[in-house]
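Okay, structure first, notes after.
The values are calculated or read from the model by the stated rules, or taken from the named source; none is laboratory data. Given the structure is predicted, the values throughout are model-derived calculations rather than measurements. Reconstructed Cβ throughout: ideal geometry from the backbone, glycine too, with neighbour counts over all protein chains shown.
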Amino acid sequence: MTTDTTGTVARDGDSRPGGPADSPFIRACRRRPVPRTPVWFMRQAGRSLPEYREIRASVPMLESCRRPELVTEITLQPVRRHGVDAAILFSDIVVPVAAAGIDLDIVPGTGPVVAEPIRAAADVERIRPITRDDVSYVDEAVRQLVVELGDTPLIGFAGAPFTLASYLVEGGPSRTHAKTKALMYGDPELWHALCARLADVTLAFLRVQIEAGVSAVQLFDSWAGALSEADYRRFVLPHSTTVLSGLASAGVPRIHFGVGTAELLGAMGEAGADVVGVDWRTPLDVATGRIGPDKTVQGNLDPCVLLAPWPVVEAEVRRILTQGRAAPGHVFNLGHGVLPETDPDVLTRVVALVHELSSRRADQG
Ligand code: CP3
């Protein structure tokens, strides 16, 4: 990637040998041969790192997402520390929703809390379309990061319509998603109007990140696993498809991830992903049977395993690398985000182990 005197990043240099588009992570997403299995961790930037907690001690979560210099520093922290194969932008799935005009906050220990939950057609109207100007801090942070990261790819991300709708309808985190499902079943028209609007916001948000230079995007549908496959196909798939297929010509790999999605893996792949994220409940060889032979899989170490003694971690890493060989491409990751109580040194050791084991495999031909 090249930067001119105005700081504009040109994507023409992307595919130079050794550049981000030629990195093990992007190659694995594209099902190309890799020198080693790439590894990064969902929520690698955050509360497991003392250097993150120090920054955040004096800055509220949403404010930290809106200050490009902090976004850049927090995004780089796990790359420096662990030597992961990709950085993920420090932000949150509710950032574009707040930019679209919804009054919300991220409450420590709770998560996103919405001042006036969305329950009626008039509420949906409160979600405005967003432009780059509404999220200029993200645009700026990505441009800085692409320069700082050099050959390490940067992953952009957004929340998928269902997971965003859940926070907006419930007003906060929910175990059952009861209000969300009540609206979905009770007023399908309103449900589809809400999700269509959220899909537009998400698509615009991801386009800003891609134009600023991210090398891949991940669409988080963290809570989609709450649905049956039939309901997922009827109420969610069309909207996630709007987002992912809307990026088909953008030239970056698209990752689609959810938790508890064993029954949905095939459908989530159909939404237009190049890579499907798998949680720890489904072995990667079984998952690839469900997703099909034309997609890379990402995952799937149980984040709780990182709290166990090292021999347990090592055995699990070996098992996952072996099962990942059934897929046409494998990006090593956790099955969900890093838990705050994780010892960061264990993450660093996992990166080294994944690299060591997968490079040795390549040496053996
Ligand atoms: O390193 C990274 O992965 C990038 C940062 C990132 C954050 N949120 C920062 C964050 C990413 C990718 C997200 C996505 C996100 N946010 C998701 C999808 C991924 C997933 O975990 O399923 C969801 C569902 C959210 C909503 C959200 N925001 C939750 C559930 C929480 C945790 C609440 C809590 O305190 O337990 C947040 C807050 C949040 N987002 C934190 C971070 C680092 C913690 C804030 C803090 O440091 O106090």
From the list A178, A193, A204, A182, exactly one residue is among the aliphatic types (A, V, I, L, M), touching a Lys or Arg at 6+ places or on another chain (Cβ under 9 Å) and more than 13 Å from the ligand (Cβ to nearest atom). Which is it? A204
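Might you check whether a residue that is crowded, with 23+ Cβ neighbours inside 10 Å, within 11 Å of the ligand (Cβ to nearest atom), farther than 23 Å from F25 by Cβ and touching a residue at least 40 places away in the same chain (Cβ under 8 Å) occurs anywhere in the stretch 66-87?
Within the stretch 66-87, the first condition is being crowded, with 23+ Cβ neighbours inside 10 Å, and the residues that meet it are 71, 74-75, 78, 84-87.
With the extra rule that they be within 11 Å of the ligand (Cβ to nearest atom), the set shrinks to 71, 74-75, 78, 84, 86-87.
Within this subset, residues satisfying the condition of being farther than 23 Å from F25 by Cβ are none.
Taking every residue of the stretch 66-87 in turn, none turns out to be crowded, with 23+ Cβ neighbours inside 10 Å, within 11 Å of the ligand (Cβ to nearest atom), farther than 23 Å from F25 by Cβ and touching a residue at least 40 places away in the same chain (Cβ under 8 Å).
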Checked against (1) more than 16 Å from the ligand (Cβ to nearest atom); (2) without any contact (Cβ under 8 Å) to a residue 40 or more places away in the chain; (3) within 26 Å of I155 (Cα to Cα), A122 satisfies every condition except (3)
If you check R290 against the conditions, is it of a type in the set (K, R) and assigned to a loop (DSSP other than H, G, I, E, B)? no
Looking at R53, R36, R27, R31, which one is more than 10 Å from the ligand (Cβ to nearest atom), at pLDDT 95 or above, among the basic types (K, R) and not in a loop (DSSP other than H, G, I, E, B)? R27
Of the candidates T348, T342, the one satisfying the condition of being in contact with a His (Cβ under 7 Å, 6 or more places away or on another chain), under 19 Å from Q44 (Cα atoms) and either within 16 Å of the ligand (Cβ to nearest atom) or among the charged types (D, E, K, R) (or both) is T348
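If only one of G260, G251 is outside any helix (DSSP H, G or I), away from the ligand (no atom under 16 Å from the Cβ), touching a helix residue (DSSP H, G or I) at 6+ places or on another chain (Cβ under 9 Å) and not basic (K, R), which one is it?
Working: G260 fails: away from the ligand (no atom under 16 Å from the Cβ).
Sole residue among the options that is outside any helix (DSSP H, G or I), away from the ligand (no atom under 16 Å from the Cβ), touching a helix residue (DSSP H, G or I) at 6+ places or on another chain (Cβ under 9 Å) and not basic (K, R): G251.
Quick one: is P153 within 15 Å of the ligand (Cβ to nearest atom), closer than 21 Å to N333 by Cβ, buried (at least 21 other Cβ atoms within 10 Å of the Cβ) and touching a residue at least 12 places away in the same chain (Cβ under 8 Å)? So that I can check it myself, show each step before the final result.
Values: within 15 Å of the ligand (Cβ to nearest atom): yes; closer than 21 Å to N333 by Cβ: yes; buried (at least 21 other Cβ atoms within 10 Å of the Cβ): yes; touching a residue at least 12 places away in the same chain (Cβ under 8 Å): yes.
Against the criterion (within 15 Å of the ligand (Cβ to nearest atom), closer than 21 Å to N333 by Cβ, buried (at least 21 other Cβ atoms within 10 Å of the Cβ) and touching a residue at least 12 places away in the same chain (Cβ under 8 Å)), P153 qualifies.
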Within the stretch 128-136, does at least one residue satisfy the condition of being within 16 Å of the ligand (Cβ to nearest atom) and under 27 Å from G246 (Cα atoms)? yes
Which numbered condition trips up G46, out of (1) more than 9 Å from the ligand (Cβ to nearest atom); (2) crowded, with 16+ Cβ neighbours inside 10 Å? (1)
Would you be able to tell me the number of residues in the stretch 88-107 that are closer than 21 Å to G156 by Cβ and near the ligand (Cβ under 10 Å from one of its atoms)? 9
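Go through the residues of the stretch 122-142 one by one and say whether even a single one is more than 25 Å from G251 (Cα to Cα), small (G, A, S) and surrounded by fewer than 21 Cβ atoms within 10 Å (Cβ to Cβ). Reasoning before the result, please.
Looking only at the stretch 122-142, we keep the residues that are more than 25 Å from G251 (Cα to Cα), and these are 122-128.
From what is left, the residues that are small (G, A, S) are 122.
Now restrict to residues that are surrounded by fewer than 21 Cβ atoms within 10 Å (Cβ to Cβ): 122.
Yes, the conditions are met somewhere in the stretch 122-142.
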Please tell me if A262 is more than 23 Å from R36 (Cβ to Cβ) and crowded, with 18+ Cβ neighbours inside 10 Å. no
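In the stretch 226-254, which residues are hydrophobic (A, V, I, L, M, F, W, C) and touching a Gly at 6+ places or on another chain (Cβ under 6 Å)? Full working, then the answer.
Within the stretch 226-254, the subset hydrophobic (A, V, I, L, M, F, W, C) is 226-227, 230, 235-237, 243-244, 247-248, 250, 252.
Correct list: L244 only.
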Of the residues that make up the stretch 56-63, is at least one of a type in the set (V, I, T) and either away from the ligand (no atom under 11 Å from the Cβ) or part of a helix (DSSP H, G or I) (or both)? no
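State yes or no: is P17 part of a loop (DSSP other than H, G, I, E, B), surrounded by fewer than 16 Cβ atoms within 10 Å (Cβ to Cβ), of a type outside the set (A, V, I, L, M) and at pLDDT below 95? Even if it seems obvious, please write down each step before you answer.
Numbers: part of a loop (DSSP other than H, G, I, E, B): yes; surrounded by fewer than 16 Cβ atoms within 10 Å (Cβ to Cβ): yes; of a type outside the set (A, V, I, L, M): yes; at pLDDT below 95: yes.
Taking the combined requirement at face value, the residue satisfies it.
Under the condition of being within 16 Å of the ligand (Cβ to nearest atom) and β-branched (V, I, T), which residue from the stretch 285-339 is surrounded by the most Cβ atoms within 10 Å (Cβ to Cβ)? Break it down into steps so the answer makes sense when it comes.
The initial filter retains those residues of the stretch 285-339 that are within 16 Å of the ligand (Cβ to nearest atom), namely 298-304, 306, 331-339.
Filter once more, so that each one left must be β-branched (V, I, T): 331, 338.
Numbers: V331: 27, V338: 22.
This residue is V331.
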Would you please list the contacts, defined by Cβ atoms under 6 Å and residues six or more apart or on different chains, that run from a residue in the stretch 16-32 that is farther than 19 Å from A327 by Cα to a residue that is at pLDDT below 95? A21/D14; A21/S15
What pairs come out if I take residues in the stretch 302-315 that are among the charged types (D, E, K, R) and pair them with residues that are part of a helix (DSSP H, G or I) whose C-beta lies under 8 Å away, six or more apart or interchain? D302/E316; E314/L353
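Could you identify the single residue in L244, L219 that is in contact (Cβ under 8 Å) with a residue 24 or more places away in the chain, of a type in the set (A, V, I, L, M) and assigned to a helix (DSSP H, G or I)? Spell out the reasoning first.
Details: L219 fails: assigned to a helix (DSSP H, G or I).
The match here is L244.
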